[in-house]
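Down below is the structure, laid out as structure tokens.
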Amino acid sequence: MKTHALGLILQTLALALGASRPSQAQSSKAVPADTIVLHGRIHTENAKQPWAQAVAIRGAKIVAVGNDADIEKMRAVGTKVIDAAGRLVLPGFVDSHIHFMDGSLSLGRVNLEGAKDASDIQQRLREYASNHSGDGWILGRGWNYAMFGPEALPHKKYLDEIFPNRPVFLEGYDGHTYWANSKALALAGITRETPDPPNGAIVRDPKTGEATGALKESAQELVAKIVPKPSRAEKLAALRAGIKWANEHGITRVHSAGGDFEELDLYDELRRHGDLTLRFYIAYFLNPPLLRPQDLEAIESARKKYHDDWIDTGAVKFMVDGVVESHTAAMLEPYSDDPSVKGKLFWEPSNYKAAVTELDKRGLQLFTHAIGEYGVRTALDVYENAAKVNHTRDRRPRIEHIETIAAADIPRFGKLGVIASMQPLHSYPDSNTLNVWARNVGPDRASRAWAWKSISDAGGRLAFGSDWPVVTLNPWEGVQTAVTRQTTEGQPAAGFVPAQRLTVAQTIDGYTLGAAFAGRREPSEGSLEVGKLADLIIVSQNVFEIAPQKFADTKVLTTIVGGQVVYRAGVK
Ligand SMILES: [Zn+2]
């Protein structure tokens, strides 16, 4: 912690010194820039200088921001010149909520995203199997609840038809429900007699009591634990592909919300080989029921080891509830489609409170997954209490997702300084959202669905991300959704809860400066200004000038991280 605080002080100091004499830096011929970016339409995210034409970079940092003529003066023999050719230049995008290892591994597996129905899913699985023959596990992800009609849950019969003897295990798009075939259930030893694990459910046929193949929440672990694990080499190869994928989409930093802390040494190995071109802020995933001494030890020893611009730790992720579609998100009032369920908290509130208070006292940052209005309220209450008893300020605790919220809780984000970390593409109004999600929550709660505009208007700070592999990490589809609240086909015509539409500037802020703030890194990242890290992107179209219906087509042309070009469109 000490080193981290010192780092921040030094960064702030450097920034203050740099900012106090920009003209000197700009006119200084004696110290040329390593790289200059000219002829851009640069949206800096710096309120004092919102737009510029050119940027000069020395080492990993920005040394000047200004017009072409000023920056041209910093050019010398050996200075690399990047011509932005009038294109939009933005700070590198931060993905505030990602599961990077899972996402990277998913790149080599079956992708069911966007499938129409069960037969379309079968078609994709057949195709995958024809390229991956043998009798090994078929793994994949991306189905959603609406693909199975009104039942809104998958069934093993669709898989058994094509794979009677090969185990198949498919994660739902949200990561909260899994789908296994009979072979996989048999290998896992799941029978009629197998009891439901804590915080999980083996979905059963109401007549026969037999498992249907749908496994909710922690029940998936019964199968997951027997799936062969990828080797270290396979994981490293997956991460290299994932990092390339992120850079290609303009992402320069990610905040990991689970599944990466255990792999910190792999990220470190990539760094030692010079292959780390994406910055990582990695949270420890704390499972219920309690904060144990061994959790604290793991968190603290990682914090001591990893606390720089490339690999940073010091955050802890909680998950207090599940998801709306499977009725596991914790609500204040029963679900509209099934009044017998309200969802329940995964954490005993007193244990959650004790853990948050202890971690906050140590200066750690807290992330809490909360999707139901009761989950959200619980997190706000516990954060409020921790600040009060610890006398801490500006800890920036975060709530992740916030799909539903009680009206009374909306102003509490601004008031308490709690960050709303949300994923615009989760609100994408397709049939999963309109027919399953909205049906389950009912019209009153749906009127406050993904209420980022209300939270922002009430003074709350937004940070955006993808939750990859839950949805694509391509942020441009998310940008479009936040602004339009419509599908790419323009549905619904009036928008889904159109009162929550954001402006382009607000949305870009959520992916850049807002996200840097949410990772406690705004002194050195999130905007293009002197003294900050040179993380920036050049994109194919100016989203400030075109119709929002075209935002999703935006392509990244160049990605620069720490002053180095890590991606150029068309260059391998
Ligand atoms: Zn997540």
**Request:** Give me the compactness ratio for the range 380-479, meaning the Cα radius of gyration over 2.2 N^0.38 Å.
**Result:** 1.16
**Complete:** Counting Lys and Arg as +1 and Asp and Glu as -1 over every other residue whose Cβ sits under 15 Å from the Cβ of residue 487, the net charge comes to -1
**Prompt:** When only DSSP loop residues count, what trypsin sites (Lys or Arg not before Pro) in the range 285-319 have their Cβ near at most 13 other Cβ atoms within 10 Å?
**Reply:** none
**Electrostatic dipole magnitude of the chain [Cβ: Lys, Arg +1; Asp, Glu -1; Cα centre; debye, to 20]** = 1400
**the range 510-559 - convex hull of the alpha-carbon atoms, volume per residue in Å³** = 87
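Give me the percent relative contact order of the range 380-527, please, defined on Cα pairs under 8 angstrom at least 6 residues apart.
Working: 219 pairs, mean separation 35.7, N = 148.
The normalised contact order for the range 380-527 reaches 24 percent.
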**Hits among lysines - C-alpha to C-alpha of residue 361 under 16 Å, sequence gap 8 or more where chains match** = 2, 317, 353, 388
**Prompt:** Peptides 550-560, 120-130: what's the order by average Cβ count within 10 Å, highest mean first?
**Reply:** 550-560, 120-130
**Fill in**
Dividing the helical contributions, -39500 (n - 2.57) per DSSP H run of n ≥ 4, by the residues of the chain yields a 222 nm value, nearest 500 deg cm²/dmol, of -9000 deg cm²/dmol
**Prompt:** In whole angstrom, how far apart do the alpha carbon centroids of the range 259-312 and the range 421-467 sit?
**Reply:** 30
**Complete:** Log entry: pair-distance distribution for the range 419-572, C-alpha pairs binned every 5 Å from zero, whole % per bin is 2, 9, 16, 20, 21, 15, 8, 5, 3, 1, 0
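With charges only on Cβ, +1 for K and R and -1 for D and E, what is the dipole size of the range 346-487 about its Cα centre, in debye, rounded to 20?
420
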**Complete:** Label model pair residue 161, residue 132: point-to-point distance (7 angstrom along the Cα→beta-carbon line) in nm is 2.1
**Message:** Explain nothing, just the number: relative contact order of the range 40-82, from Cα pairs under 8 Å at least 6 residues apart, as a whole percent.
**Reply:** 25
**Message:** From the gyration tensor of the Cα coordinates in the chain, what semi-axes in whole Å does the equivalent ellipsoid have, largest first, with each one equal to sqrt(5λ)?
**Reply:** 40, 26, 24
**Message:** I'd like the FRET efficiency for residue 272 and residue 565, computed as 1/(1 + (r/R0)^6) with the beta carbon distance as r and R0 of 25 Å, rounded to 0.05.
**Reply:** 0.75
**Request:** Would you mind calculating the relative contact order of the chain from Cα pairs under 8 angstrom and at least 6 residues apart, reporting the percent as a whole number?
**Result:** 17
**Using θ = phi - 60° and Karplus 6.51 cos²θ - 1.76 cosθ + 1.60, couplings along the range 276-285 (whole Hz; Gly, Pro as x)** = 8, 10, 9, 8, 10, 10, 10, 8, 7, 8
**Asked** Where the only charges are on Cβ atoms (+1 Lys, Arg; -1 Asp, Glu), what is the dipole of the range 124-163 about its Cα centre, to the nearest 20 debye?
**Response** 100
**Item:** Cα gyration tensor of the range 217-351 - equivalent ellipsoid semi-axes, whole Å, descending
**Value:** 32, 19, 16
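Under a Cβ-Cβ cut-off of 11 Å, what is the net charge of the residues other than residue 385 that fall near it, where Lys and Arg count +1 and Asp and Glu count -1?
Computed value for this residue: -1.
Summing Lys, Arg as +1 and Asp, Glu as -1, what charge do residues with Cβ under 15 Å from the Cβ of residue 511 carry, residue 511 excluded?
Net of charged neighbours comes to -4.
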**Request:** Report, largest value first, the span of the C-alpha coordinates of the range 61-123 along each principal axis, in whole Å.
**Result:** 62, 25, 23
**Prompt:** What percentage of all Cα-Cα pairs in the range 173-287 are separated by more than 25 Å?
**Reply:** 41
**Prompt:** Can you list the residues, at least 5 places off or on another chain, whose amide H is less than 5 Å from the amide H of residue 367, using H built in the peptide plane?
**Reply:** 316, 317, 318, 398
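Taken together, the values in this text are just the output of simple stated rules run on the coordinates, not laboratory data. Only a predicted model underlies this, so the values are computations on that prediction, with no experimental measurement involved. Counting neighbours? That spans all protein chains shown, and the Cβs are built from the backbone with ideal geometry, glycine included.
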